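Chemist: I'd like to ask some things about the structure below.
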Amino acid sequence: MEVVWEREINVKEIVVSPRPVWKCRGCPMYGRRPSCPPHVPSWDETRELLKHYRKALLVKFKIDTEKFEEEKRNILLWLLRKEHEYFREGFYYALALFPGNCNLCDKCTFEATGVCKMPDKVRPSIDAVGIELSSIVTLNFDEPVLYGLILIS
């Protein structure tokens, strides 16, 4: 995993709609992880939440697709560390959003029991809460990359 770039963006540029959530319904992880619908705030709630933020950090990560799960886990941990850094700097409501479903644990207990081992670390997926990633970045599906987002202030 490599950070390609970090960009501060105006939250007003972010489009929120039901479209990404509907795409989630076709994913095999739908409903199986605490970072995915229907276990996350709705797109309407996200739209309301974004009214209370002015800026966000968009991060592009290059990944080795041969080690996808490990690379993604490293990205989630990186986003959580960065969120915590913002918190320590006085941005108490900084909130990371994950690229896709949570894979912090090797074996997800939530799938079997409905109880997450790390509820303090799980964050919603960008798509799961209705954020149209394409509204803030040009997507190229030939690139081996993932995007993370941290709402800052």
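Chemist: Within region 61-97, how many residues turn out to be surrounded by fewer than 17 Cβ atoms within 10 Å (Cβ to Cβ) and part of a strand (DSSP E or B)?
Modeler: Residues flagged as surrounded by fewer than 17 Cβ atoms within 10 Å (Cβ to Cβ) and part of a strand (DSSP E or B) within region 61-97 amount to 1.
Chemist: Can you confirm whether region 3-12 contains a residue that is of a type outside the set (Phe, Trp, Tyr), over 28 Å from Phe141 (Cβ atoms), assigned to a helix (DSSP H, G or I) and free of Cβ contacts under 8 Å to residues at least 60 places away in the same chain?
Modeler: no
Chemist: Here's a check for you: in region 24-83, which residue that is in contact (Cβ under 8 Å) with a residue 12 or more places away in the chain and small (Gly, Ala, Ser) is farthest from Pro99 (Cα to Cα)?
Modeler: Ser42
Chemist: Considering every residue within region 12-35, establish whether at least one is under 16 Å from Ser135 (Cβ atoms) and of a type in the set (Asp, Glu).
Modeler: Looking for residues that are under 16 Å from Ser135 (Cβ atoms) and of a type in the set (Asp, Glu), one finds at least one in region 12-35, hence yes.
Chemist: Would you please name the residue that is nearest to Leu80 (Cα to Cα), looking only at residues in region 111-153 that are part of a helix (DSSP H, G or I), out of contact with any Lys or Arg (no Cβ under 6 Å at 6 or more places or on another chain) and not aliphatic (A, V, I, L, M)? Full working, then the answer.
Modeler: Taking region 111-153 as the starting set, the residues that turn out to be part of a helix (DSSP H, G or I) are 111-113, 127-129, 133-135.
Add one more test, that the residue is out of contact with any Lys or Arg (no Cβ under 6 Å at 6 or more places or on another chain), and what stays is 112-113, 127-129, 133-135.
Checking the rest, the ones that are also not aliphatic (A, V, I, L, M) come to 113, 127, 134-135.
Numbers: Thr113: 24, Asp127: 18, Ser134: 23, Ser135: 23 Å.
Applying the filter and picking the extreme gives Asp127.
Rule-based calculations on the coordinates, nothing more; no lab input. Small disclaimer: the values here were computed from a predicted structure and weren't measured. For neighbour counting, all protein chains shown are included, and Cβ atoms are generated from backbone atoms with ideal geometry for every residue, glycine included.
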